[in-house]
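Working notes, beginning with the structure itself.
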Amino acid sequence: MGRWQGVVLSLIGLVATIWLGLTGQLALYIHPRYFVFTVVMAVIAGVLALVSFALVPSTHDGHGHGHEPASRWGWLLPAGSVLTIAAAVGALLILPPSTLTTSTVAQRDLNGSASALTLKAPALTSKADYSAFTVRDWASLLRSGAGQDFFADKTATVTGFISADKTDRDVFFVTRFVVACCAVDAQPIGVPVYHPGWQNEYKTDSWVTVTSGFRANPNAASRETIVLVPDSIKPTTQPEQPYVY
């Protein structure tokens with residue numbers, strides 16, 4: 001049974017990987033640049049697992065020793081194997097994959113990664129098309145130390161999920177995760193939004209689109225000196241591609 005269990009668990013993992021790749025949901029776990037490589041390697045690994053199972057003979061104890069004491073508890077191993085396989089099927093093939101949330105933001109430093117906030121040089125020119133800027137672009141500009149004069153005539157439209165500011169109750173962040181390789185290395189980035197009482201209107205992790213100009217934060221004690229003061233906050237659904245690459 002143990003031999004079968006190993007093969008079945010391996011095949012479940014490989015089938016789940018291929019299925020996620022074919023449905024596009026593999027992007028919830030790894031960078032799209034690795035899709036083809038991951039799916040191809042999963043197919044190869046599946047073939048090798050089946051071949052190895054077919055070629056390696058199973059071993060049996062033909063001496064008959066210890067069967068009487070083992071018979072009483074012998075059902076535990078098969079039952080455990082079945083439960084393990086069922087749990088793997090449920091986790092990998094039945095339950096829908098989910099994205100990272102504010103619980104992960106709390107464990108990592110929001111806007112704290114220089115690599116996650118790296119802008120391409122053209123984005124900083126005066127002639128840049130700011131209407132096409134993403135959460136990452138605006139968060140990068142804010143982190144770069146651009147002053148209020150720079151933001152005075154610019155309007156941002158950003159989409160992300162809500163995460164709370166740890167120090168200012170009147171501010172929340174429109175948040176996304178930047179993924180360089182896989183979800184394990186994902187870094188949270190966000191644009192601060194000044195909206196007193198937002199907790200009464202929106203839940204953390206809910207997705208919104210915010211359109212607004214930038215203003216000085218009315219709360220002079222806040223660490224976020226420049227914030228969006230919304231003209232509109234629209235609830236929205238999680239996009240097909242929730243991460244930023």
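The values are calculated or read from the model by the stated rules, or taken from the named source; none is laboratory data. Since the structure is predicted, the reported quantities are computational estimates derived from the model, not experimental observations. Note: ideal-geometry Cβ built from the backbone for every residue, glycine included; neighbour counts use all protein chains shown.
When the stretch 171-201 is filtered for residues that are more than 23 Å from residue 144 (Cα to Cα) and within 21 Å of the chain's Cα centre (by Cα), the ones remaining, listed by number, are 181, 182, 183, 184. In the set (1) out of contact with any strand residue (DSSP E or B) (no Cβ under 8 Å at 6 or more places or on another chain); (2) at pLDDT 95 or above, residue 175 fails one condition alone, (1). Screening the candidates 105, 89 for the property of being outside any loop (DSSP other than H, G, I, E, B) and either among the aromatic types (Phe, Trp, Tyr) or at pLDDT 60 or above (or both) yields one hit, 105.
In a residue-by-residue description of the stretch 226-239, the property of being of a type outside the set (Lys, Arg), more than 11 Å from residue 160 (Cα to Cα), touching a residue at least 24 places away in the same chain (Cβ under 8 Å) and part of a loop (DSSP other than H, G, I, E, B) applies to no position. Just give me the residues in the stretch 146-189 being surrounded by fewer than 17 Cβ atoms within 10 Å (Cβ to Cβ), of a type outside the set (Gly, Ala, Ser) and farther than 17 Å from residue 210 by Cα, in sequence order. Correct list: 148, 149, 150, 166, 167, 169, 181, 182, 184, 185. Give the residue, chosen from 209, 204, that is surrounded by 12 or more Cβ atoms within 10 Å (Cβ to Cβ) and touching a helix residue (DSSP H, G or I) at 6+ places or on another chain (Cβ under 9 Å). Testing whether each residue is surrounded by 12 or more Cβ atoms within 10 Å (Cβ to Cβ) and touching a helix residue (DSSP H, G or I) at 6+ places or on another chain (Cβ under 9 Å) leaves just 204.
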